Every structure is written in structure tokens, then in C-alpha cells.
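Take a look at the structure set out below.
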Amino acid sequence: MQQGVLNTLFLGRLMIAAGGLTSNAAFQNAGHQPVIDTSHLYYDGNSQGGIMGGMATAVATDWTRAVLGVSGINYSMLLPRSTDFATFEAIMTPAYPAELSRLLGLMAIQLQWDRAEPDGYANHLTSNPLPGTPTHTVLMHIAFGDHQVSNVAADTEARTIGASTNCPSLAGGRSPGTFTLWNVPCIAAFPFAGSAIVYWDSGSDAAPLADVPPAGGHDPHEDPRRSPLAQQQKSDFLMPSGTVTDVCAGAPCTAPQT
């Protein structure tokens, strides 16, 4: 995981360096001019790219703005709530029949994961940068009721990085609990220059409050990235002086099912 982040950092530098990708004919037009704008570098990742993008951005020196799509932190909490874990759980459960043993095992492994997933870097992702690293501004796009990356994990990341949110973030009655985006402040006015988390609701059922994955229905995991409104918000944000814009006209953001 650490090597993958390092590879990503080098790939980003190759995109903007004078002797990087643009020095190769494959990245030049017929007039031998670069087809890549090397003036600024940004990060936009979804799913594992959104999750691991949190770590990559925390240590990045070449980009300061990132969009983390359907992201979250703390794999030991995320995995039992993900439909993607079902295959592995089918192997793990017979080997460790006691649920407490499985939970303790995941928490023990988390001590290793902290070194190579954003859970161990979130405190330095935005306003408290690591030495020699600039501050970063982050926009999180989250699919309400996500089957693969738990909304609980997204809320935890948002609170940790000091993100704000659009209010109301969800329509009344959509969240079954009282803890969705708890202690995440509302954005007072747009355009907003800070880090933010925005929920995109495509009508899926809310995820269970228990430590289990969703049990059927539409998985909205890919809906935010395919929404024209979400794409516009990302475009507005990934600019040299980008901001979080209100593309939902003061209402909770919704996305079509895909």
C-alpha cells in the first residue's frame, strides 16, 4: 500500500515535470506541443482511489487539492460493513468462529494498516500537515447508503480532517439514526474555500446501523461520480483558486441511479 502511494506520487510528478511525460511524443500533439497542462496537479479518486487518496494527499507535495470519492477511513471498521468483504469473511468465519475473535483480529491488523491507510494520516490531511508538506484542501463525495464503503467510515474521516458540509445534507427522514455527519459543521455560505463532505442521495436504502453490510437493493457506490452535478462541483473545486460550490441550489444533493 505504501509502495502504491509512492508510485502515485511519482506518476503525478511525471505529469508536471519538464522532463516527464510531456517530453515523450506520445503526450504531444502533431505540432510537438504537450497535450497535458503541466501548470497544476490535482487528485481525483474513487472507491479504493478515494480511500487511499487520503493517504496519498496527506503526503503529497505536488498537489494541494483533492477529491476523494466514496471514501472513508479505518479498514477494521469498514470491512465488516462492506459487501466486498463477503468472500473473505466466508474464509475468516470458519477459521475464527467467535465474532469477538474476528473483531479483535481486525483491530490487531489495524495497527499495521495505520501505517499505510488514511486512518494513520487523516490528522495531517488538511490543516496540520506533515513536516515539509503543504496544507491540502479536500472535497469528499459520498454515496448515501453505499454498499461498499460505509457512510460511518466517511463521517469519521470528515470529522477527523475538519470538513464542513452543505445543510441540509440529506432530505428529512432519509437517515435512520441521529449520527449522520454528527459534529460536522454546516457551510455558512457558498462558494466555500475549505474542505467539505457532500452526500449524494440516489434513493438507496440507508445502510444498517449494525456492524453488517447492506442486504440488497441498488448499490449507489458509483452514482456520485456519474452525476453531472457532482462532476460540475468537482470541476469547480479542482482549479487553482477552486472552491466548493452549491450545485444543488440549497437543497440536499441527489444523483440519478446508474
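List of remarks:
- Tallying residues that are of a type outside the set (S, T, Y) and either buried (at least 16 other Cβ atoms within 10 Å of the Cβ) or at positive phi (or both) within the range 124-140 yields 8.
- When the criteria are applied in full, L106 meets the requirement of being surrounded by fewer than 23 Cβ atoms within 10 Å (Cβ to Cβ), under 30 Å from S175 (Cβ atoms) and of a type in the set (A, V, I, L, M, F, W, C).
- Output for the range 113-151, where each listed residue is in a helix (DSSP H, G or I), among the polar types (S, T, N, Q) and touching a residue at least 40 places away in the same chain (Cβ under 8 Å): N151
- Any hit, the range 42-65, residues being modelled with pLDDT under 95, among the hydrophobic types (A, V, I, L, M, F, W, C), assigned by TED's automatic domain parsing to the domain that holds R225 and within 24 Å of the chain's Cα centre (by Cα): no
- Long-range neighbours under 7 Å by Cβ, at least six apart or interchain, first residue at positive phi within the range 34-60, second surrounded by 20 or more Cβ atoms within 10 Å (Cβ to Cβ) and of a type in the set (V, I, T): S47/V70; S47/V149
- Of residues in the range 16-39 being among the hydrophobic types (A, V, I, L, M, F, W, C) and surrounded by fewer than 12 Cβ atoms within 10 Å (Cβ to Cβ), the one farthest from the chain's Cα centre (by Cα): A30
- Filter result for L68 (closer than 30 Å to S202 by Cα and surrounded by 13 or more Cβ atoms within 10 Å (Cβ to Cβ)): yes
The values are calculated or read from the model by the stated rules, or taken from the named source; none is laboratory data. As the structure is a computational prediction, the values presented were derived from the model and not from experiment. Neighbour counts are summed over all protein chains in view; Cβ atoms, including those assigned to glycine, are modelled from backbone coordinates with ideal geometry.
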